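Colleague: Quick one: this structure, given as structure tokens, is what I'll be asking you about.
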Amino acid sequence: MNIVDVQIAEGLLSRGYPLGYSQLVQRVTGARVSGKHTRSDWSRRPLSIDQITYALEDVEHLPEVWARQEDSLRKQGRLDWALSESSRFSEQLAADPPRGDWRRINGSSRLSRREMAALEALYEWRDQEAERRDRTPRSVLRDDLLIEVAKLLPTSQEQLLRIRGFERRDYRRLADEILAAVKQGMERPEDELPEKPAHDRNLPDTEALGKLLSIALANRCAELSVSTSLVGTTADLNDLIRWHVFERHQGERPKLMQGWREVVCGDLLADLMDGKVTLRVTNPRSDHPLVFESHKGR
């Protein structure tokens, strides 16, 4: 029996990933699901009738959502993609809980070890808050703001709220919790601070190449109507650059060169780095304005 993540399935059918449950249900089936009890105190008993109704809504639409997604995936030849990615995700959670994924956030490797400790604490707080509110982590607090807070290590609300982007009222309400997470990172003993990634210490600056690949990846995903964030992150692109350019294909193949991701973009990005393809603008008004032209054999 296959366990399927309907969010992953939707990310392989559209550019909407990740979506909250109510948004996903409405997009796929057109049904409206109430989200007004997301912040309810679920530890209190007995649950109210409204809470029970809300909990039931959390599952009752799933069979129809998956039935429609499965049909679309099969028609597009992507059903195996969804099954394999859901399986990979399940195995990853079972073998290694998502602790440490904060290193995948763009900019984390450029932080000091103390700042990295603050980022790790912020990341774990955000995951817990997202789970409590039944929302995606990035909808609680954006990745770039996590990095900014970790860089500045604010100790007061005044310092925190000076950070650009914290004008939003919902962010301001989280100020005390954010500051508590920063404090946790700042008080971590020196010998327990995260280590800087060894592979990032002596590599040349690949920022320009990374940006080029990011543009190519976004264009490719738009062309195929696949979510870019599901296919790969900036960290995944850096892993590909490191493996393809500097390590000369030694060691484990990076994620973008495995399975369905290799089909979607891996070979294309490798050929782009090797100068075997070029890109040019064909339709500036399109959501995928670039075309890739092969130069193999020249």
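Colleague: Out of all the residues in segment 79-87, is one or more at pLDDT 90 or above, surrounded by 14 or more Cβ atoms within 10 Å (Cβ to Cβ), out of contact with any helix residue (DSSP H, G or I) (no Cβ under 8 Å at 6 or more places or on another chain) and not hydroxyl-bearing (S, T, Y)?
Modeller: Yes: one or more hits.
Colleague: Output the residues belonging to segment 107-155 that are among the small types (G, A, S) and farther than 19 Å from R169 by Cβ.
Modeller: G107, S108, S109, S112, A117, A118, A121, A150
Colleague: Something else now. Which pairs have Cβ atoms under 7 Å, sit 6 or more apart or on different chains, and link a residue in segment 44-64 that is under 24 Å from V6 (Cβ atoms) to one that is modelled with pLDDT of 85 or more and part of a helix (DSSP H, G or I)?
Modeller: Every condition considered, the pairs that remain are H61/V25; H61/T29; L62/V6; E64/T29.
Colleague: Would you confirm, using the coordinates I've provided, whether R201 is under 26 Å from M257 (Cβ atoms), at pLDDT 95 or above, open to solvent by 20 Å² or more (accessible area, probe 1.4 Å) and not hydroxyl-bearing (S, T, Y)?
Modeller: Spelling it out, it is not the case that R201 is under 26 Å from M257 (Cβ atoms), at pLDDT 95 or above, open to solvent by 20 Å² or more (accessible area, probe 1.4 Å) and not hydroxyl-bearing (S, T, Y).
Colleague: If you don't mind, another one. Any idea which of (1) under 23 Å from G20 (Cβ atoms); (2) open to solvent by 10 Å² or more (accessible area, probe 1.4 Å) is the one Q76 doesn't satisfy?
Modeller: The failed condition is (1).
Colleague: From the residues in segment 139-160 that are assigned to a helix (DSSP H, G or I) and open to solvent by 40 Å² or more (accessible area, probe 1.4 Å), which one is modelled with the lowest pLDDT?
Modeller: Among those that are assigned to a helix (DSSP H, G or I) and open to solvent by 40 Å² or more (accessible area, probe 1.4 Å), it is D144.
Colleague: Can you pull out the residues in segment 242-262 that are of a type in the set (A, V, I, L, M, F, W, C) and free of Cβ contacts under 8 Å to residues at least 24 places away in the same chain?
Modeller: If the condition is that a residue be of a type in the set (A, V, I, L, M, F, W, C) and free of Cβ contacts under 8 Å to residues at least 24 places away in the same chain, then W243, M257 are the ones that fit.
Colleague: For segment 274-291, give me each residue that is under 30 Å from R88 (Cα atoms) and crowded, with 17+ Cβ neighbours inside 10 Å.
Modeller: The answer is none; no residue qualifies.
Colleague: Go through segment 222-275 residue by residue and tally those that are of a type in the set (S, T, Y) and either modelled with pLDDT of 90 or more or out of contact with any Gly (no Cβ under 9 Å at 6 or more places or on another chain) (or both).
Modeller: Of the residues in segment 222-275, 4 are of a type in the set (S, T, Y) and either modelled with pLDDT of 90 or more or out of contact with any Gly (no Cβ under 9 Å at 6 or more places or on another chain) (or both).
Colleague: Okay, next question. Just to be sure, is L145 without any contact (Cβ under 8 Å) to a residue 60 or more places away in the chain, within 30 Å of V263 (Cβ to Cβ) and aliphatic (A, V, I, L, M)?
Modeller: no
Colleague: Against the definition (in a loop (DSSP other than H, G, I, E, B), open to solvent by 100 Å² or more (accessible area, probe 1.4 Å) and without any contact (Cβ under 8 Å) to a residue 12 or more places away in the chain), how does E167 come out, yes or no?
Modeller: yes
Colleague: Hey, among R103, R135, which residue is in a helix (DSSP H, G or I) and basic (K, R)?
Modeller: One residue alone meets the criteria, R103.
Colleague: Same structure, new question: Return yes when R142 is among the charged types (D, E, K, R) and within 19 Å of the chain's Cα centre (by Cα) and no when it is not.
Modeller: Yes, satisfied.
Colleague: Condition first: more than 16 Å from N106 (Cα to Cα) and either open to solvent by 60 Å² or more (accessible area, probe 1.4 Å) or aromatic (F, W, Y) (or both). Now tell me which residues in segment 204-244 satisfy that.
Modeller: P204, E223, W243
The values are calculated or read from the model by the stated rules, or taken from the named source; none is laboratory data. Note that the structure is predicted; figures quoted are calculated from it, not measured. Positions of Cβ are backbone-derived with ideal geometry, glycine not excepted, and every protein chain shown enters the neighbour counts. Surface areas here come from the heavy atoms of the whole protein model, side chains and all, with no ligands, DNA or RNA. Shrake-Rupley method; radii C 1.70, N 1.55, O 1.52, S 1.80 Å.
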